[in-house]
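The values are calculated or read from the model by the stated rules, or taken from the named source; none is laboratory data. The model shown is predicted, which means the values in this text are computed figures rather than measured ones. Every residue, glycine among them, receives a Cβ derived from its backbone with ideal geometry; neighbour counts consider all protein chains shown.
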Amino acid sequence: MSVLDSKIPDGPLKDKWTNHKNHINLVNPANKRNIDIIVVGTGLAGGSAAASLAEMGYNVKTFCYQDSPRRAHSIAAQGGINAAKNYQNDGDSVYRLFYDTVKGGDYRSREANVHRLSEVSGNIIDQCVAQGVPFGRDYGGLLDNRSFGGVLVSRTFYAKGQTGQQLLLGAYSALNRQIAKGKVTMYNRHEMVELVKVDGKARGIIARNLETGELERHSAHAVVIASGGYGNVFFLSTNAMGSNATAAWKIHKKGAHFANPCYTQIHPTCIPRSGDHQSKLTLMSESLRNDGRIWVPKNIEDVLAIREGKLMPIDLSEEQRDYYLERMYPAFGNLVPRDVASRAAKERCDAGYGVNETGEAVYLDFASAIQRYGKQEAAIARMESPTQEDILKLGEAVIESKYGNLFQMYEKIVAQDPYKTPMMIYPAVHYTMGGVWVDYNLMTSVEGCYCIGEANFSDHGANRLGASALMQGLADGYFVLPYTIGDYLSNEIRTGKISTETPEFEEAEKEVSDRIEKLMNIKGTKSVDHFHKLLGKAMWEYVGMARNEEGLKKAMAEIKQIRTDFWNDVRIPGDRNSLNPELEKAGRVADFLELGELFAKDALHRNESCGGHFREESVELDGEQKGEAKRNDEDYAYVAAWEYKGEPADAILHKEELEFKDIELKQRSYK
Amino acid sequence: MDLTLKVWRQKNREDKGGLETYKVTGILGHYSFLEMLDVMNEQLIMEGTEPVAFDHDCREGICGTCSLYINGEAHGPDRKVTTCQLHMRMFKDGETIYIEPWRSAAMPVIKDLIVDRSSFERIQQSGGFVSVNTSGNTQDANALPIPKMNADKAFDVASCIGCGACVATCKNSSAMLFVAAKVSQYAYLPQGQVERKQRVLNMVEQMDKEGFGNCTNTGACEVECPKSISIEYIAKMNREYLSASITAE
């Protein structure tokens, strides 16, 4: 086991980034024109990085599997983006955002990275406004904020429930400007299927043109992976259907360590599952917890009556309801962090209080918010004695203006009107904090290969706070990578154009071609989805919201078996030389089948509970925190970075010890 | 419910294509339309037939990838939804459903139900941006107040998902609603003022070059738009275009 060098700069925490930037090597503008960079993925991280690098003068080639960079799954982020602007005068600061993020991540993230993230957060908002991103504003024309889980200030900027869309379209517009100038060459409907290394350095990729099936060689002086998270290893998640881990997994197999795969975020407010044919789960933004109150009935008889349709939730009086988050966590109430809210929902449902047929749903209720806003609006409108009807109408209008699109989404899926009856929600896989290990410069353990956004592991520890994913994606892409990559590329100015007619490229292409040929020739009896669903089931059952040693061992064995079956019995119709969605899926599922096993292995080795990783063996047994997750800082305050060695079960562990110099490690308490 | 599906099949860009008939059974009302197609495809795979290729990704109505023309309507019979948000409870047992790709010369079919929307990309590249580089020294976000009404209107048009339903549903294959949305967003914001005239001229020029038709005010696009973008913005774009044509240098 080696020690990883995270290359964190010396000096006091608050000066690290400034000093580092001031001493980083630069590439002169004339030389930038001779340097090529590949960016894989066009979400907030990839899109913003590609645009910024091109603005600086580098030649950028960008790849996405969608038909347009604007469709990357960042587009689906709803609630908002954090920034330490302190516009609300509520005591926010760079330090507080940093502190909240480290605490929210259950003290498993890298201090220096998180502080840098907080430092640049304000710039992101400035930059996005300058691009024409239409954030929500108040009547004075200034930017409005809302609150998210796990914090006591309002620092979240938003554009209704479509913040991710607006931010991505901002990055997309910056990217378009560079495409028009010829500084970015955009490859839509292309998937990266292999990393090419020359003399130990990342020098290019093999990409498959998804329309023609052709394999293409692309060379560059550096390769940036911004391909998002691996939540789809669970089959059902809030990720897009095409979201995949292939690019990240390919670089892992070529030497990039994969860190903390077991840190996965199960988001508390998603629309519950409806049946076996469901293809994905839909998130209802955490911002709803600003105004929604979560509850289940107090009495089990009421639960049963509701399930049988004999009782409606609105018929239950306040006394008959258990607002369990407000009861258990009075300080944070409905705005506890995601991991805490999810486990509480699971606990109530496991105890038999789930309110739908599957027993896996709790209520998210807006009735009191509608009343509150209705009264407020009536007062503003100087109505003397508003009727209950007036109040409801006014209150619903306020809710509509805040969350209109989310309520409409809910109504279309569930066929119930959430203005009139509480929403039903249940936790679902949403985000992966783990990912490719990177140093302070965001370089992976392969020289010249960088990883940014959700695809890397660096900033969120064991649990991500709401509205921090957008912040990290754009921080990496706009304000971190464009600086740090220069340090490496300053040594590349004499390299010259990199040829793709070399044995390394040839070998990589052959490797890919053989793999595709092998898949096509299995000609088995089961579809790709069949295996993906089996994998998802094993993951959810044993590596889901609660994990234990026995289950995790079982998961590893089961996933290995599914993988063997997949390679013996998968059926991929069509051919490899045309658009073939089944072949695309097969390649991605093949990678998930390896990643899933490493995921379980990581969860097994980490015999502590922290953030989204909850080990049943590690809970507080008494005191005020009884039943809460129990962290073990003595043995596990490190990043687990796994080195690929063939079978996922044989992966070798490298530890990066986490040092907390500015923050005292404490048990997280939201009570 | 049991359904008969008449699905457009086309091998590639060159192929002529035609409708094929498939049957699916046991579909429940809470399936989304795309989950129904998943069932059909699983069936085709088991029968040894190549499944039907269709575009889809987020399946929550925001990425704008899905694009089906269902029983003669873009995104099917429901309103304010994309195909992925369309649910089978909108259909009746025994019904025959026609499923076709978008049809427009500027959006050719690539395969089966998948079309090439790169014309939209080129329109955006011709001017759909504010020319501002990434900079750590941009002025403070609150330095320039924007009237709430303008910010809200800019947001309303910016919610366009670029799916192409407006084009598919228009008898003229016009992309005016799509282009109007982007032009209007920046026209409402102070940040968009500097390039305001050149932007509308360039984007309209590119739109025409791509072969999209003109607007004859039938309003079909507004009805089918999953984000309910109003055709009043087409009027706004026309105004922008006219004033830019007269006054631009």
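Among the criteria (1) within 10 Å of chain B (Cβ to nearest Cβ); (2) more than 26 Å from residue B:63 (Cα to Cα); (3) crowded, with 22+ Cβ neighbours inside 10 Å, the one residue A:140 does not fulfil is (3).
Among the residues of the stretch B:9-53, which ones are farther than 20 Å from residue A:581 by Cβ and within 9 Å of chain A (Cβ to nearest Cβ)? The answer is B:27, B:28, B:29, B:30.
The residue pairs whose first member lies in the stretch A:606-619 and is on the phi > 0 side of the Ramachandran plot, whose second member is part of a loop (DSSP other than H, G, I, E, B) and of a type outside the set (Lys, Arg), and whose beta carbons are closer than 7 Å, counting only pairs six or more residues apart or on different chains, are A:611/A:105; A:611/A:106; A:611/A:263; A:611/A:461; A:611/A:462; A:611/A:463. Quick check: anything in the stretch B:3-17 at pLDDT 95 or above, surrounded by fewer than 24 Cβ atoms within 10 Å (Cβ to Cβ) and touching a helix residue (DSSP H, G or I) at 6+ places or on another chain (Cβ under 6 Å)? Checked the stretch B:3-17: no residue is at pLDDT 95 or above, surrounded by fewer than 24 Cβ atoms within 10 Å (Cβ to Cβ) and touching a helix residue (DSSP H, G or I) at 6+ places or on another chain (Cβ under 6 Å). Looking across A:206, A:179, one residue alone is more than 22 Å from the chain's Cα centre (by Cα), among the β-branched types (Val, Ile, Thr) and assigned to a strand (DSSP E or B). It is A:206.
Tally time: how many residues in the stretch B:127-139 are facing another protein chain (nearest Cβ under 7 Å), in contact (Cβ under 8 Å) with a residue 40 or more places away in the chain and not aliphatic (A, V, I, L, M)? The qualifying residues number 2.
Take residue B:159 and tell me if it is among the hydroxyl-bearing types (Ser, Thr, Tyr) and touching a helix residue (DSSP H, G or I) at 6+ places or on another chain (Cβ under 9 Å). Here the answer is yes, as residue B:159 does meet what is asked. Listed here are the helices (runs of 4 or more DSSP H) enclosed by the stretch B:140-249 that have at least 3 residues being modelled with pLDDT of 95 or more, more than 30 Å from residue A:412 (Cβ to Cβ) and more than 9 Å from chain A (Cβ to nearest Cβ): B:196-209, B:232-247. With respect to residue B:124, determine if the residue is at pLDDT below 95, within 24 Å of residue A:54 (Cα to Cα) and of a type outside the set (A, V, I, L, M, F, W, C). The answer is no for residue B:124. Picking from residues in the stretch B:65-81 that are within 14 Å of chain A (Cβ to nearest Cβ) and touching an Asp or Glu at 6+ places or on another chain (Cβ under 9 Å), the one that is nearest to residue A:413 (Cα to Cα) is B:79. Taking residue B:237, is it in contact with a Gly (Cβ under 6 Å, 6 or more places away or on another chain) and of a type in the set (A, V, I, L, M)? No; evaluated as a whole, the condition is false for this residue.
As for the stretch A:224-235, it holds at least one residue that is in contact with a Leu (Cβ under 8 Å, 6 or more places away or on another chain), touching a residue at least 12 places away in the same chain (Cβ under 8 Å) and within 14 Å of chain B (Cβ to nearest Cβ). Among residues of the stretch A:654-671 that are within 21 Å of residue A:10 (Cα to Cα) and surrounded by fewer than 12 Cβ atoms within 10 Å (Cβ to Cβ), those with a beta-carbon under 9 Å from a residue that is modelled with pLDDT of 85 or more and small (Gly, Ala, Ser) at least six positions away or on a different chain give the pairs A:657/A:637.
Okay, residues lined up against (1) farther than 25 Å from residue B:39 by Cβ; (2) outside any loop (DSSP other than H, G, I, E, B):
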residue: A:537; (1), (2): no, yes
residue: A:574; (1), (2): no, no
residue: A:588; (1), (2): no, yes
residue: A:592; (1), (2): no, yes
residue: A:598; (1), (2): yes, yes
residue: A:622; (1), (2): yes, no
residue: A:625; (1), (2): yes, no
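Just to be sure before I move on: is residue A:526 surrounded by 16 or more Cβ atoms within 10 Å (Cβ to Cβ) and under 30 Å from residue A:602 (Cα atoms) in the structure I sent? For residue A:526, the condition - surrounded by 16 or more Cβ atoms within 10 Å (Cβ to Cβ) and under 30 Å from residue A:602 (Cα atoms) - is met. Evaluated against (1) more than 14 Å from chain B (Cβ to nearest Cβ); (2) surrounded by fewer than 14 Cβ atoms within 10 Å (Cβ to Cβ); (3) at pLDDT 95 or above, residue A:644 falls short on exactly one condition, (2).
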